[in-house]
């Protein structure tokens, strides 16, 4: 077994089913080894897509996704996607190719200091220096990625540790050449000794290493009792759940049941969307800031008080604030809680629901207040949906699509204004059925998230909601969808501009410079890659084209709907900076 095959063997033992990559000479043995192990290799058109796909795999399965990129540009192209995973707390492994160990720092092709580059954006970065290190390093990477606050790990894999020992020693022998000079003999001795060090361990020593399991976060009984007491004594409790709540995918069903048992009014953010069915009475989508200002007990679980919660300023100053988070830093970010509970939030809430019973009836008046706020939000949608726009009113487009998504549908958001509007209108059908970038707000995640979602859930409808700006980042991946038989449905909200930026820029600076696009024929681009594409310009054709797209995707062909939409002021003043 060469180094690439050993890596693939370890990945297989860690339950890796998919490997995302863009090929390169520095990483070929890993890809070939993965194929031999039965790991499905998904080759994409740009390295960030590979990392975004690995990110989505971890969110949907709880098993760290794995991406493999070539040295130099492959590694640097991955930086934004890795930073997005870090901020979303997604456990993933990035394997980066590297120049041969003896040539590093000497001007070899695509040789840069990759470990320093990744120092601030991963949980751990390391380099394989001997064949003895391979199994231990890969196993440790999985442990580090999943434990504590999850996150990405970067492993540098020099090319001379990936090929067969005999071949590598032959390379070094040829490189040393024949010489009679003392200096030449010293170089030859160094190269032979260097090659011997690379392969210091026998195959038996390498493959018999064991992988230890991670012990999940524990829950403190006194903290459970304190939280239960505060809830029972409250008149206006409120629960806000962030994406970290869903990190333990294996307890998602228990978490969904537990939240229903708790009966506390709840708002959901990021990956937590879908933990409640779309019309559950405890689930609210509108008026969150107002509810936070009025609640007497606020529980923020699985997210910090960042820009999404107005840096904690929206929380009632006279209320009792409880924070539950894996991260000690995030527990106290911007707003110090009355109780800071460092624990896995999903595990804590499941235990809370099992250990205590609550009586939601005494919160009837509070529920009624929240329902009124909810109705105001729905009326706002209807008001803007009835406004006249050029082409299609985007709110009406989204309302129709919401009625067409199957119960097994998975929704991916990649964009600014259009996707933010989508989050208020298109309702996730179940847990783990909504994917967005997370707090980094990265554009370009869509194609990678969509292909991972289809791989993990082959029988589900995958709906990718793209802003027309965002789709430009990864529309080339329609080629990937076609080549790997991944029939997703993409909706491009095409308003010919970077509308979320344009709206405030024009109001405050009176200039739209840099914010304008064209009504580009994105559907033609999709057709060029072998998919199907449609353009829709009027509301009377929406339902017909969506039904047609659903039928085509069922037959195995990816589809892009280029929906020309107008602009509304539905989200005026909502930009975060």
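Every read-out reported here was derived from the displayed coordinates using simple, explicitly stated rules and does not represent laboratory data. Computed from a predicted model, the values in this text were never measured in an experiment. Ideal geometry is used to build each Cβ from the backbone, glycine not excepted, and the neighbour counts take in all protein chains shown.
Per 0.36 nm of contour for each residue apart, how much would the distance between residue 257 and residue 569 grow if the chain were fully extended, relative to their Cα-Cα spacing?
Taking 0.36 nm per residue and subtracting the Cα distance, the gain is 108.5 nm.
Quick check on packing: order 438-448, 528-538 by the mean number of other C-beta atoms within 10 Å, highest mean leading.
438-448, 528-538
Relative to the first principal axis of the alpha-carbon coordinates of the chain, what is the inclination of helix 542-554, with its axis defined by its Cα atoms, in degrees from 0 to 90 and to the nearest 10?
Helix 542-554 sits roughly 30 degrees off the main axis of the chain.
Over the Cα atoms of region 21-138, Rg to Rh with Kirkwood Rh, two decimal places?
0.94
Based on alpha-carbon centroids, what's the gap between region 511-527 and region 541-571 in Å, whole number please?
17 Å
Which value results for Rg/Rh of region 334-388 when Rg is the Cα radius of gyration and Rh the Kirkwood radius based on the inverse mean 1/r?
Values: Rg = 18.2 Å, Rh = 15.2 Å.
Radius of gyration relative to Kirkwood radius: 1.20.
Restricting to DSSP H runs of at least four residues, report the calculated mean residue ellipticity at 222 nm for the chain, -39500 (n - 2.57) per run over all residues, nearest 500 deg cm²/dmol.
Value at 222 nm, helices only: -12500 deg cm²/dmol.
Starting from the Cα of residue 403, step 7 Å along the direction of its Cβ; do the same at residue 170; then give the gap between the two resulting points in nm.
Simple spin-label model gives 6.8 nm for this pair.
May I ask for the angle, rounded to the nearest 10°, between helix 134-146 and the longest principal axis of the chain, with both axes built from Cα atoms and the value confined to 0 to 90°?
Taking the Cα atoms of the chain, the angle to 134-146 is about 10 degrees.
Just the number, please: percent antiparallel of the DSSP beta bridges in region 431-577, rounded to the nearest 5.
Close to 5 percent.
What translational D, rounded to a whole number of µm²/s, comes out for region 453-518 from Stokes-Einstein when the hydrodynamic radius is the Kirkwood one over Cα pairs, at 20 °C and 1.002 mPa s?
Values: Rh = 13.8 Å.
The Stokes-Einstein estimate is 155 µm²/s.
Over the C-alpha atoms of region 497-537, what are the Rg and the largest Cα-to-Cα span, Dmax, in Å?
Taking only Cα atoms of region 497-537, I get Rg and Dmax of 14.7, 43 Å.
Given C-alpha coordinates of region 387-564, what is the ratio Rg to Rh with the Kirkwood estimate of Rh?
Rg/Rh for region 387-564 comes to 0.95.
Provide the packing ranking of 494-506, 461-473, 281-293, i.e. peptides ordered by the mean count of other C-beta atoms within 10 Å per residue, highest first.
461-473, 494-506, 281-293
Could you give the nm distance between label points at residue 521 and residue 43, where each point is 7 Å from its Cα heading toward the beta carbon?
3.0 nm
Would you please put 149-162, 71-84 in order of how densely packed they are, using the mean number of other Cβ atoms within 10 angstrom per residue and starting with the highest?
Details: 149-162: 25.1, 71-84: 22.1.
Top to bottom by mean Cβ count within 10 Å: 149-162, 71-84.
Just to verify a number: FRET efficiency for residue 541 and residue 355, C-beta to C-beta distance, R0 = 35 Å, to 0.05?
Working from the Cβ atoms, E equals 0.05.
Output the Cα-based Rg and Dmax of the chain in Å, rounding Rg to one decimal and Dmax to a whole number.
25.9, 94
Output needed for region 221-373: three equivalent-ellipsoid semi-axes, defined as square roots of 5 times the C-alpha gyration tensor eigenvalues, in descending order, whole Å.
19, 18, 16
Between residue 365 and residue 338, how high is the FRET efficiency from 1/(1 + (r/R0)^6) when r is the Cβ-Cβ distance and R₀ = 22 Å? Nearest 0.05.
In this case the efficiency is close to 0.40.
Run the numbers on region 221-373 and let me know its relative contact order in percent, using alpha-carbon pairs under 8 Å that are six or more apart.
Averaging sequence separation for qualifying contacts and normalising by length gives 29 percent for region 221-373.
If I model a spin label at residue 379 and residue 289 as a point 7 Å from the Cα along the Cα→Cβ vector, what separation in nanometres do I get?
Taking the two extended label points, one gets 1.9 nm.
For the Cα atoms of the chain, what angle does the longest principal axis make with the long axis of helix 499-509, in degrees from 0 to 90, nearest 10?
Compared with the principal axis, the helix lies near 70 degrees.
Sequence gap at least 6, Cα distance under 8 Å: using those rules, report the relative contact order of region 387-564 to the nearest whole percent.
On the way: 335 pairs, mean separation 42.6, N = 178.
In percent, rounded to a whole number, it is 24.
So for the chain, averaging the separation of alpha carbon pairs under 8 Å that are six or more residues apart and normalising by length, what relative contact order in percent results?
With pairs under 8 Å counted, the relative contact order is 12 percent.
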